Amino acid sequence: MDGAVWFFALSVLAAGVGIGIATIGPGIGQGIATSKAVEGVARQPEASGKIMTILILGLAFIESLVLYALVIALIILFGNPALTHIVGH
């Protein structure tokens, strides 16, 4: 196969594997954070407002990690700087 075909195939594979791996950690983290928030609300229902505010903020920070991985994957797929050297245009 041509070098450009291998480059594009491996770029797609790298982006897919990268997104897959990047979502594992935040997914586990969100599950743990939500479970602890539910436990906290169950123990102290009067503090549910504070707990939920902190939970939402924490989940937003966790989700931003996945969005960074998505941006990197999109750069690998569509804006790769090595593309001009491989394809030769």
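Every number in this text was worked out from the coordinates using simple rules, so none of it is lab data. Keep in mind that what you see is a predicted model, and the values were worked out from it rather than measured. Don't worry about glycine lacking a Cβ; one is built from the backbone with ideal geometry, like all the others, and counts go over all protein chains shown.
List of remarks:
- For the chain, the longest principal axis of the alpha carbon atoms and the long axis of helix 48-78 meet at an angle near 0°.
- For the chain, calculated [θ]222 nm from helices alone, where every DSSP H run of n ≥ 4 adds -39500 (n - 2.57): -31000 deg cm²/dmol
- Taking semi-axes √(5λ) of the Cα gyration tensor in Å as calculated from this structure, the corresponding entry among [x] 43, 12, 5; [y] 34, 17, 13; [z] 19, 15, 12 is [x].
- Label zone of TRP6 (point 7 Å out along Cα→Cβ, amide N under 17 Å): in segment 55-89 this covers 82-88.
- Relative contact order of segment 7-89, defined on C-alpha pairs under 8 angstrom at six or more residues apart (%): 51 percent
- The angle between the Cα long axis of helix 3-43 and the main principal axis of the chain comes to about 0°, on a 0 to 90 degree scale.
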